[in-house]
Amino acid sequence: NRRHFVFGTSLAWLAACGKSPRRIRLALNWKPDPQFGGFYAAPYQAHGLDVEILPGGAGTPTIQMVGAGSAEFGVVLADELVVARSQGNDVVALFAVFQNNPQGIMVHASRKLASLGDVLKSGGTLALQRGLPYARLLEKKYGFDKVKIVPSPGGDISAFLADKNFAQQCFIMSEPLTAKYRGADVQVFPVSEVGYNPYTTVLATSGDYFRKDRERADAMMAAVREGWRAYLDDPKPTNQRMNQLNPSMAP
């Protein structure tokens, strides 16, 4: 297994250091769903933290929010973090949830496709955010001349359910589960199939915050680590909470 992005492992409690809890913000880059389960299950108060989780959506500028200080912590993609740092945004990775990239393309199994290459060579429609690094890789590797590219529907699967020749980008633990729950026979091709496998769902903060308040950063990492362990052991209570925040989340 690939190791987590973890810089520092102190479990010091802020109360013991004489610091009172201060509201800190955790900005998500998508709506509440299982990819964030451990963040919702984390025992923040036990680590002297008062955390407000800010749900995201399509186009939420999480990495810019963290860099600008409008959120002390955020969930980002590792590839966008590298790009942001190259452009002068001092954002640092603290903890990576997924060791293998969970992004993919979902299609109807009835098409009997065998690979991502087949998806792009077999015609039909593909809903995809063209600016994503893996989208650029797919275009360079296979070309988009045989498939109709339309904007990503932002998690909405209505068009997918209505058209057997419609494919769309997804997170393997999100849209495919919703589609199956609604009766579709789904096949998913992970983008790691073509060698694209950076970390994702990465907890990040600004370099300035990390240097100035290392104790809180360490406490945040410890709480999140415990939250993910608890979520993996028993996801049901947290899923019920997230389902209240995001009713479209599949049971």
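The values are calculated or read from the model by the stated rules, or taken from the named source; none is laboratory data. Small disclaimer: the values here were computed from a predicted structure and weren't measured. Neighbour counts run over all protein chains shown; Cβ positions are idealised from the backbone, glycine included. Side chains are part of the model used for accessible areas, which takes the heavy atoms of the whole protein and leaves out ligands, DNA and RNA. Shrake-Rupley method; radii C 1.70, N 1.55, O 1.52, S 1.80 Å.
Descriptive notes on the structure:
- If you go through region 102-126 and keep only what is in contact with a Leu (Cβ under 9 Å, 6 or more places away or on another chain) and surrounded by 19 or more Cβ atoms within 10 Å (Cβ to Cβ), you end up with Gln103, Gly104, Ile105, Val107, Leu116, Val119, Leu120, Leu126.
- Residues of region 205-245 satisfying the condition of being closer than 21 Å to Arg85 by Cβ and among the polar types (S, T, N, Q): Thr205, Ser206
- Where Gly74 falls short, out of the listed (1) touching a Ser or Thr at 6+ places or on another chain (Cβ under 6 Å); (2) open to solvent by 10 Å² or more (accessible area, probe 1.4 Å): (2)
- Evaluating Phe95 against the criteria (1) surrounded by fewer than 16 Cβ atoms within 10 Å (Cβ to Cβ); (2) within 13 Å of Thr205 (Cα to Cα); (3) touching a residue at least 40 places away in the same chain (Cβ under 8 Å) leaves one unmet condition, (1).
- Looking at Val188, Val224, just one residue is closer than 21 Å to Ala93 by Cβ, among the aliphatic types (A, V, I, L, M), out of contact with any Lys or Arg (no Cβ under 8 Å at 6 or more places or on another chain) and modelled with pLDDT of 95 or more, and that residue is Val224.
- Complete set of residues in region 145-171 that are assigned to a helix (DSSP H, G or I) and in contact with an Asp or Glu (Cβ under 9 Å, 6 or more places away or on another chain): Phe160
- Filter result for the condition that a residue is among the hydroxyl-bearing types (Ser, Thr, Tyr) and open to solvent by 30 Å² or more (accessible area, probe 1.4 Å), over Tyr134, Tyr231, Tyr199: Tyr199
- Of all the residues in region 152-179, those that are closer than 24 Å to Thr200 by Cα and either among the basic types (Lys, Arg) or touching a strand residue (DSSP E or B) at 6+ places or on another chain (Cβ under 7 Å) (or both) number 11.
- Scanning region 145-170 for residues that are among the aliphatic types (A, V, I, L, M) and either surrounded by 15 or more Cβ atoms within 10 Å (Cβ to Cβ) or farther than 13 Å from Val107 by Cα (or both), we see that the one that is farthest from the chain's Cα centre (by Cα) is Val147.
- Test: residue in region 132-144 that is among the aromatic types (Phe, Trp, Tyr), touching a residue at least 12 places away in the same chain (Cβ under 8 Å) and part of a strand (DSSP E or B): no
- Evaluation of Lys236 against the conditions (1) in contact with a His (Cβ under 7 Å, 6 or more places away or on another chain); (2) without any contact (Cβ under 8 Å) to a residue 12 or more places away in the chain shows that the sole unmet condition is (1).
- Single unsatisfied condition, Thr205 versus (1) modelled with pLDDT under 95; (2) open to solvent by less than 80 Å² (accessible area, probe 1.4 Å): (1)
- The set of residues in region 52-74 being touching a residue at least 40 places away in the same chain (Cβ under 8 Å) and under 20 Å from Gln240 (Cα atoms) consists of Pro55, Gly57.
- Residues that are of a type in the set (Lys, Arg) and free of Cβ contacts under 8 Å to residues at least 24 places away in the same chain within region 206-228 comprise Arg211, Lys212, listed in sequence order.
- Here Ala250 fits the description: open to solvent by less than 30 Å² (accessible area, probe 1.4 Å), modelled with pLDDT under 95 and not in a helix (DSSP H, G or I).
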